[in-house]
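One structure is given below, encoded as structure tokens.
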Amino acid sequence: MENMNYLSFNKYPKVFPKEVLFPNWLTDVDKLELVDSVLCYGKGKSYGDVCLNEDGTLIDTTNLNHIINFDNNTGLIKCEAGITLKEILEFTVPKGWFLPVTPGTKFITLGGAVANDVHGKNHHTAGTFGSHVTEIELFRSDKLTYTCTRDKNKELFSATIGGLGLTGFIKTVEFQLINIETPFMYVENIKFNNLDSFFDLNEESEKLFPYTVSWVDCTTKGKKMGKGIYMRGRHATKTEVSKSFEMKDGALPFPIEASFINNFTVKAFNKLFYSKQFSKFSTQIVPFEPYFYPLDMIDGWEKAYGKKGFLQHQFVLPYDNCKEYMHLIFEEIVNSGMSSFLTVLKSFGDAISPGMLSFPKKGITLAIDYRMEGEKTLKLLDRIDTIVAKSGGSLYPGKDARMSRDHFHQFYPTFEEFLKYKDPNFSSSFYRRIK
Ligand SMILES: Cc1cc2nc3c(=O)[nH]c(=O)nc-3n(C[C@H](O)[C@H](O)[C@H](O)COP(=O)(O)OP(=O)(O)OC[C@H]3O[C@@H](n4cnc5c(N)ncnc54)[C@H](O)[C@@H]3O)c2cc1C
């Protein structure tokens, strides 16, 4: 069945399930016969094939989107796994609670957040999403529901966080929210001239701000290789927000990201970078959405890559040798001339990820988009993987459609241990490619 609704975000690879099931209630899940090759599908916002199951069964979880429990005193929340981060935020933000960790889009499900153990701009202070999960209810093909916590069924808990959907059907997730005074962010935007300046700025910023991220230019060679814009922020206080409104006569401060993304091309990046409009240093009070989710504001931006789709490639380099290897990789990218539309540079802190297969570990991570141009693109990414492997780094399975089996096993030495907890009837196109 060629159902284009069940591709991944980057539309590559184009493979299709044999059938799609739609449970409406948790009680429907208990009746599912999970035979053969099954996989849950959230919103398909992964880049690659972790959410695809060619010729197998997909279970669309998005009707399971209810909040089960919420404690306004403690910020502990329990939801069905098909709920989106957007739906959670709509409920919690007016009450003064925010997600402990959020990726760069709010259009993903809670199940997807757990299965890829997603990270956000605050990894250096908060670790991954899974670090804030207190309980998972997991339905497996033996028709039993396992309640998993750090103490109960703890191996299954750890295998399911970052477990790429292979340990069973996550029915519900309980996790801890964080308290916020306002739905606004205090943000500082700082231009930096090259990769070395990024490393200096990053070291200083991580001590001062819970959220940090940079957009980098990967088209410029020489002394300015790796120049970019560093965006560091924190949740704004009530006083900061009211002062900002007074200064602006009640108008909302202009979020820089909006102009950034409306002109969403490499050229626009450079234009903005050099334009006087963007000074070397600026501060803003902005709503949380443009800071956390700039890409969500442009509907269908990913279609700009054309019918063949694109690849996103995200790796982490270990902290100790990241400068040397990041320079090598930037040279590969710049010299290839295959400039990426969007390149995001960010660091991961000391927090040990709770999942057996979680991707983040201490170091610097780079996420790059490439238009899919066949062999040329694949060869460049293979060359980068080789450098990543040499550095002792790793690649993000949630954003992968082509890493080799050998590289996967090198990057994830815990995979053999993980297999003990995999559900025998769950599978994915990604799993069959790398196992
Ligand atoms: C614009 C954009 C920005 C992004 N930024 C980031 C980022 O900053 N950090 C980051 O970590 N990721 C980021 N991502 C990737 C995205 O957050 C993850 O791929 C996420 O897992 C997608 O969730 P989903 O609900 O769409 O799940 P899908 O993509 O549909 O599935 C992802 C995995 O979750 C499994 N799964 C889903 N629901 C269940 C369930 N109920 N039970 C068991 N398994 C389940 C699937 O089987 C699959 O293995 C970004 C993606 C986009 C499009």
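No lab work stands behind these numbers, since they all come straight from the coordinates. These figures come from a predicted structure and were not determined experimentally. A quick note on method: Cβ atoms are made from the backbone with ideal geometry, for glycine too, and the neighbour counts reach across all protein chains shown.
R0 = 60 Å: FRET efficiency of ASN321 with GLU33, Cβ-based, nearest 0.05?
0.75
Which of the chymotrypsin sites (Phe, Trp or Tyr not before Pro) found in segment 24-92 are loop residues per DSSP with 12 or fewer other Cβ atoms within 10 Å of their Cβ?
TRP25
Could you grab the relative contact order for the chain? Cα pairs under 8 Å, six or more apart, rounded to a whole percent.
It rounds to 20 percent for the chain.
Just how many % of Cα pairs in the chain lie over 40 Å apart, if you round to the nearest whole percent?
Result: 15 percent of Cα pairs exceed 40 Å.
Which whole-number percent is the relative contact order of segment 113-226 (Cα, under 8 Å, 6+ apart)? It would help to have the intermediate numbers written out before the result.
Details: 135 pairs, mean separation 29.6, N = 114.
Worked out over segment 113-226, it gives 26 percent.
If N is the number of residues in segment 103-221, what value comes out of its Cα radius of gyration divided by 2.2 N^0.38 Å?
Normalised Cα radius of gyration, segment 103-221: 1.36.
For segment 157-193, which GluC sites (Glu not before Pro) pass both filters: DSSP loop (anything but H, G, I, E, B) and at most 15 other C-beta atoms within 10 Å?
Values: sites: GLU174, GLU181, GLU188; in loops: GLU181.
Passing both the DSSP loop test and the Cβ count: GLU181.
Can you list which of the trypsin sites (Lys or Arg not before Pro) found in segment 396-425 are DSSP loop residues with at most 14 other C-beta atoms within 10 Å?
Sparse-neighbourhood loop trypsin sites (Lys or Arg not before Pro): LYS420.
What ranking do PHE359, PHE107, PHE198, PHE315 get, fewest neighbouring Cβ atoms within 10 angstrom at the top?
Ranked by crowding around the Cβ, least crowded first: PHE107, PHE198, PHE359, PHE315.
Fewest first, what order do VAL15, VAL29 take by the number of other Cβ atoms within 10 Å?
So the residues, fewest neighbours to most, are VAL15, VAL29.
Go ahead and estimate [θ] at 222 nm for the chain from helices alone: -39,500 (n - 2.57) per DSSP H run with n ≥ 4, summed, over the residue count, rounded to 500.
-8000 deg cm²/dmol
Based on the Cβ-Cβ distance from LYS379 to ASN5, what FRET efficiency comes out when R0 is 35 Å, to the nearest 0.05?
0.65
Can you give the extra length, in nm with one decimal, that the chain gains between PHE415 and ASN69 once fully stretched, where that is 0.36 nm per residue apart less the Cα-Cα distance?
121.2 nm
In whole percent, what relative contact order does segment 10-139 give with Cα contacts below 8 Å and a gap of six or more residues?
20 percent
Could you state the per residue volume, in Å³, of the convex hull enclosing the Cα atoms of segment 23-62?
Details: hull volume 2.4 nm³, N = 40.
Convex hull volume per residue, Cα atoms: 61 Å³.
For segment 33-77 and segment 198-223, what is the separation of their C-alpha centers, rounded to whole Å?
34 Å
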